[in-house]
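Visitor: Pasting a structure below so you can have a look.
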Amino acid sequence: MLHDISSPCAKLWLMAERLYYNDPTLIEFDAVVASVADVGGRPAVTLDRSAFYPTSGGQPFDTGSLGGLRVVEVVESDAGDVLHVLERPLEVGEAVHGVVDWDRRLDHMQQHTGQHILSAALDRLSMARTVGFHLGADVSTVDLDKPLSAGAMTAAETEANRIVWDDRPVGIRMVSEAEAASLPLRKDPERTGTLRVIDVEGYDLSACGGTHVRRTGAVGTIAVLSSERLRGGTRLEFVCGGRALRQLRTYRDAVAGCIRHVSVAPSELPAALERLQSEAKEQHKAVRGLLERLAVHEAAALAGQAETLPDGTRLLVRAVEAADPGVLKAMALAICTGPGYRVALFSPSAPHLVVVARSKDVALDAGAAVRGLTATFGGKGGGKPDLAQGGGLAGELDTMQAAARATLDPGK
Ligand SMILES: [Zn+2]
């Protein structure tokens, strides 16, 4: 799900006091239940004041407790009220103590502030404007209005981290519409009236209603994980702060796991895997060659089991264990190098493969024979008059073999 970052995020409602507007680190507060409501069949309340952030502007809601009850979701109503969805109802007028889960709040503050800085760096270095932001459960995304080279992405990432390590103050300013018009905001605000502006000192001014850290240093690290082309622009996946550390641990474990199997330095892993893959391909090719040569030997034994028909030609219909259709084909071809053979070989397990072949001096359309079999038993197949194959045949093997015998025997 994508959110336009300027409209809901910059929305500023003053119906109930939103404590996080001025102090995003305030996580305990006392309030009074102002009204009760129902959100999708679950009890909810509005308060006279709240530190809980409702889902908006691409940032998910805070969790925590209210009067000892779990706050399972926080949503903004169409009228702009903050609705706290609870596990059990509360009553109007009740005094409650609220506690916001700090780990989740801090995580969201790190990701959201990191997004402001990364978006500003992309804007400044590549004139790539952020048109969407989503703070996900594991990774966050920004959508940019233009394609971006890998070099440009790395340059913006480097610059964004430089701003983080500068440990610049991140201010919250409430400004009038007129004042806002004179400020170099990164994006024009879509709403009118008083605006809440997030000020990354000397670097970025953005109208936003979200929660942010007080100094850029608290973002820790901004790491871009991937980029992809999207609708003429670019979608970047990124993580900040604690998530960057968790991501590093995931990569570290994955790399360590690979290195246990391939003893090379981490930077040499891609080349080592490529080498392994091409070696495996070569070996597969060699094994196939051997299997086909083995099939020729087995074919000699099979040919001896063919029954001689009244016209002097020899008929062989058998189920044969083979690694793949190629081996089955090689076997049938080897038998038919001798004169007078009519051969149908099946794989023993369903769905069945079938190969029909004949010697040069025999009048039989192998392609038509296979098509006849697939018409009866399903699957697909076809080929030339001297060699054809089919696959995906379903049914009793005995019945199939009887049908093949009837097709291949000119006397029936
Ligand atoms: Zn923000």
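The values are calculated or read from the model by the stated rules, or taken from the named source; none is laboratory data. These figures come from a predicted structure and were not determined experimentally. Cβ sites come from the backbone with ideal geometry, for glycine too, and all protein chains shown count toward neighbours.
Visitor: State whether one or more residues within the range 168-179 are touching a residue at least 60 places away in the same chain (Cβ under 8 Å), out of contact with any helix residue (DSSP H, G or I) (no Cβ under 9 Å at 6 or more places or on another chain), exposed (fewer than 15 other Cβ atoms within 10 Å of the Cβ) and among the hydrophobic types (A, V, I, L, M, F, W, C).
Guide: no
Visitor: List every residue pair whose Cβ atoms sit under 8 Å apart, with the two residues 6 or more apart in sequence or on different chains, where the first one lies in the range 362-385 and is without any contact (Cβ under 8 Å) to a residue 60 or more places away in the chain and the second, anywhere, is surrounded by 15 or more Cβ atoms within 10 Å (Cβ to Cβ) and among the basic types (Lys, Arg).
Guide: Here the result reads 362/342; 364/342; 364/358; 366/358; 381/371; 382/371; 385/358, each pair linking the range 362-385 to a residue that is surrounded by 15 or more Cβ atoms within 10 Å (Cβ to Cβ) and among the basic types (Lys, Arg).
Visitor: Based on what the data block shows, is residue 216 in contact with a helix residue (DSSP H, G or I) (Cβ under 9 Å, 6 or more places away or on another chain), within 15 Å of the ligand (Cβ to nearest atom) and of a type in the set (S, T, N, Q)? Can you show your working first?
Guide: Values: in contact with a helix residue (DSSP H, G or I) (Cβ under 9 Å, 6 or more places away or on another chain): yes; within 15 Å of the ligand (Cβ to nearest atom): yes; of a type in the set (S, T, N, Q): yes.
Criteria met by residue 216.
Visitor: If you go through the range 56-102 one residue at a time, how many are under 20 Å from residue 140 (Cβ atoms), modelled with pLDDT of 95 or more and polar (S, T, N, Q)?
Guide: Count: 1.
Visitor: So, in the range 386-406, how many residues would count as being touching a residue at least 60 places away in the same chain (Cβ under 8 Å) and either in a helix (DSSP H, G or I) or among the small types (Gly, Ala, Ser) (or both)?
Guide: Qualifying residue count, the range 386-406: 5.
Visitor: Failed condition for residue 132, given (1) over 22 Å from the mean Cα position of the chain (by Cα); (2) of a type outside the set (Ser, Thr, Tyr); (3) modelled with pLDDT under 95, with all others met?
Guide: Single failed check for residue 132: (1).
Visitor: Looking at 221, 192 in this structure, which one is more than 16 Å from the ligand (Cβ to nearest atom), modelled with pLDDT under 95 and on the phi < 0 side of the Ramachandran plot? Explain how you work it out, then say what you get.
Guide: On the way: 221 fails: modelled with pLDDT under 95.
Just a single option satisfies the conditions, and that option is 192.
Visitor: Note down all Cβ pairs under 7 Å where the first residue falls in the range 204-217 and is without any contact (Cβ under 8 Å) to a residue 40 or more places away in the chain, the second is more than 7 Å from the ligand (Cβ to nearest atom), and they're at least six residues apart or on different chains.
Guide: 205/183; 205/184; 205/185; 205/186; 205/197; 205/199
Each row is one residue, and each column tells you yes or no for (1) touching a Leu at 6+ places or on another chain (Cβ under 7 Å); (2) in a strand (DSSP E or B); (3) within 16 Å of the ligand (Cβ to nearest atom).
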residue	(1), (2), (3)
79	no, no, no
88	yes, no, no
98	yes, yes, no
107	no, no, yes
110	no, no, yes
120	no, no, yes
133	no, yes, yes
137	no, no, no
142	yes, yes, yes
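Visitor: Quickly run through the range 323-376 and pick out the residues that are in contact with a Ser or Thr (Cβ under 8 Å, 6 or more places away or on another chain), surrounded by fewer than 21 Cβ atoms within 10 Å (Cβ to Cβ) and closer than 17 Å to residue 403 by Cα.
Guide: 372
Visitor: On the basis of being touching a helix residue (DSSP H, G or I) at 6+ places or on another chain (Cβ under 8 Å), in a strand (DSSP E or B) and surrounded by 15 or more Cβ atoms within 10 Å (Cβ to Cβ), does residue 152 make the cut?
Guide: no
Visitor: Next question, about the same structure. Of everything in the range 191-205, what is more than 21 Å from residue 22 (Cβ to Cβ), in contact with a helix residue (DSSP H, G or I) (Cβ under 8 Å, 6 or more places away or on another chain) and loosely packed, with under 13 Cβ neighbours inside 10 Å? Give them in sequence order. Write out each step before concluding.
Guide: Of the range 191-205, the ones more than 21 Å from residue 22 (Cβ to Cβ) are 192, 202-203.
Adding the requirement that they be in contact with a helix residue (DSSP H, G or I) (Cβ under 8 Å, 6 or more places away or on another chain) leaves 192, 203.
Passing the criteria: only 192.
Visitor: Residues 50, 35: which one is at pLDDT 90 or above, more than 16 Å from the ligand (Cβ to nearest atom), touching a helix residue (DSSP H, G or I) at 6+ places or on another chain (Cβ under 7 Å) and polar (S, T, N, Q)?
Guide: Going through 50, 35 in turn, the sole match is 50.
Visitor: Could you say whether any residue in the range 290-313 is modelled with pLDDT of 90 or more, part of a loop (DSSP other than H, G, I, E, B), within 27 Å of residue 379 (Cα to Cα) and in contact with a strand residue (DSSP E or B) (Cβ under 7 Å, 6 or more places away or on another chain)?
Guide: yes
Visitor: Hey, among 163, 172, which residue is within 14 Å of the ligand (Cβ to nearest atom) and not hydroxyl-bearing (Ser, Thr, Tyr)? So that I can check it myself, show each step before the final result.
Guide: Numbers: 163 fails: within 14 Å of the ligand (Cβ to nearest atom).
Sole residue among the options that is within 14 Å of the ligand (Cβ to nearest atom) and not hydroxyl-bearing (Ser, Thr, Tyr): 172.
Visitor: If a residue counts only when it is out of contact with any Leu (no Cβ under 9 Å at 6 or more places or on another chain), which strands (runs of 3 or more DSSP E) contained entirely in the range 158-256 have at least 2 such residues?
Guide: Those strands (runs of 3 or more DSSP E) span 170-175.
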